[in-house]
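Have a look at the structure below before the remarks.
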Amino acid sequence: MPATRRRFCQAAGGLLAAAAIPSALSAPRRPMSEDAVDLPPAKLTGRPLPDLLQPLPLPPGERIGFALVGLGAYALNQIAPNLANTRGCKLAAVVSGNAEKAGRVAAAYGLGKEHVYSYDDFDRIADDPAVDVVYIILPNAFHREWTERAFAAGKHVLCEKPMAGTPADCEAMIAAGERAGKKLMIGYRAQFDPYNLEAIKAVRGGDGTDGEIGVPRIVVSDHGRILDLAVTRDQWRAKKELACGGSLYDIGIYSVNGARYLLGEEPTETTARYLPRSDRPQVTVEEGVEWQMTFPSGAVASCTSSYRVAGNKRIHVQGAEGEVTLDPATDYYIRNLKIQSGDKTRDVEIPQANQFAAMLDEMATAVRENRDPKTPGAEGLRDVRIMTAIYKAAETGEAVKM
Ligand code: NAD
């Protein structure tokens, strides 16, 4: 196919694919002939089910019950409210070290006292049939221990990123899940975000076609924000024993994971260096890293993570025939996606893109269908291995093979 025609087809395919993502954009169902239509009577009457923007939710009794471990900023601002936006999940229990907070949250979400757990009496959750999945949203250093405890209690586990402090911890978590015969998923919400999924399609193509941007060659990605020790959720992030790593572990992981899912391949080598740090003695993690990753196709990724810059969350992929810009790429609620292919540029708009609900529903569906979730423990392990290699490269100044 000539290059211009291929580009046109790819662009058209991309537009169609973009439109196909939310069913909200699909054409409404129409009867075969308008002649056969009876218009409604001029009085109150029952009417057919309208075209639904999303499937009806499952009834409460059929939903998968989630216990949230750790009632911090992410659990209470993003996850708890978004459980109600899912098709097949429900909040079933809370686990916290603060009984007063746990009681308030449970009351607000209509949970009985028997579904409120402390860290000490968590193990009795084994006898709580309302709980299918334990969702671990604790500081990173606790992810392994709590994953193992949840498996020991006979529950499935959804664990936040980064999966754990070391590859060995991740391997132990995977093994614990296998022994228990339960699912383990890592909370990579961006892999369920329709904007990121559309970007993947533009880069990697699909159904036997190349991506719209031609062969991808260069990824540039930056994630940064100010680490503010006056903010509670940043306090454990400053401390190595709790956070396991610094900016790379917390937000640079989005660049590592993003480069991997956008290119669809695994890096083989990394070089890295630490960026200058602040003089705050309480901060015992690295505050900034600049690193490169080389991929088998010859594509390279050039990334930064920093706790010392105003917020940025961007991923940019340059290909032989165009480029994809996600900026912000990994925000909770705002994503901007621009796709340039040859002489055409388009901004992608996807209404009702709720990555949290999509991620939670994936866990519920994996449990219901007894299959592996899309982002299993092995996915978390890959990133932890890569970040370990990046730290080693920054420390030694040498390229590290993976
Ligand atoms: P947070 O500080 O707001 O919440 C941490 C929770 O752990 C709190 O309920 C706190 O009480 C509890 N906790 C127990 N022991 C603690 C201790 N010794 N020190 C501090 N807290 C302790 O943090 P957060 O921002 O909600 O992050 C929690 C986890 O969620 C982390 O693994 C983080 O990487 C992850 N996270 C993921 C995303 C995402 O977009 N996927 C976003 C934010 C956070």
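The values are calculated or read from the model by the stated rules, or taken from the named source; none is laboratory data. From a predicted model like this one, the values you see are computed outputs, not experimental measurements. Using ideal geometry, Cβ is built from the backbone for each residue, glycine included, and neighbour counts are taken over all protein chains shown. Surface areas here come from the heavy atoms of the whole protein model, side chains and all, with no ligands, DNA or RNA. Shrake-Rupley method; radii C 1.70, N 1.55, O 1.52, S 1.80 Å.
Between ALA99 and TYR332, the modelled label-to-label distance comes to 2.9 nm, taking each label 7 Å out from Cα in the direction of the beta carbon. Quick one: in the stretch 137-176, what % of C-alpha pairs are over 13 Å apart? Percent of Cα pairs beyond 13 Å in the stretch 137-176: 42.
Working from label points 7 Å from Cα in the Cα-to-Cβ sense, the LEU56 to LEU229 distance is 5.6 nm. Across all directions, the shadow cast by the convex hull of the stretch 177-289 built on its C-alpha atoms averages 10.7 square nanometres.
The helix-only estimate of mean residue ellipticity at 222 nm for the chain, built from DSSP H runs of length n ≥ 4 each weighted as -39500 (n - 2.57), is -9000 deg cm²/dmol after division by the residue total. Remark: the chain carries 48 Å² of accessible area per residue (probe radius 1.4 Å; ligands, DNA and RNA excluded). Among the lysines, select those whose C-alpha is under 26 Å from the C-alpha of LYS344, and discard any that sit fewer than 8 residues away in the same chain. List returned: LYS201, LYS313. Rolling a 1.4 Å probe over the protein heavy atoms leaves SER305 with an accessible area of roughly 0 Å². Pairs of Cα atoms in the stretch 60-189 fall into 10 Å distance bins, from 0 up to the last occupied one, in shares of 13, 48, 33, 5 percent. Dividing the convex hull volume of the alpha carbon atoms of the chain by its residue count gives 184 Å³ per residue. Once you reduce the stretch 44-65 and the stretch 238-282 to the center of their Cα atoms, the two points are 42 Å from each other.
Work out how much length ASP127 to THR166 would gain on full extension: take 0.36 nm times their residue separation and subtract the Cα-Cα distance, in nm to one decimal. Computed gain between ASP127 and THR166 is 10.9 nm.
For LYS374, nonlocal amide neighbours, meaning residues 5 or more places apart or on other chains whose placed amide H falls under 5 Å from its own, do not occur. For the chain, carbon and sulfur atoms together expose 54% of the accessible surface, with a 1.4 angstrom probe and every protein chain in place. Ligands, DNA and RNA aside, MET359 has an accessible area near 0 Å² when probed at 1.4 Å. With a 10 Å cut-off between alpha carbons and a GNM built on the chain, which of GLN340, GLN54, GLN292 moves the most? In this elastic network of the chain, the residue with the biggest mean-square fluctuation among GLN340, GLN54, GLN292 is GLN54.
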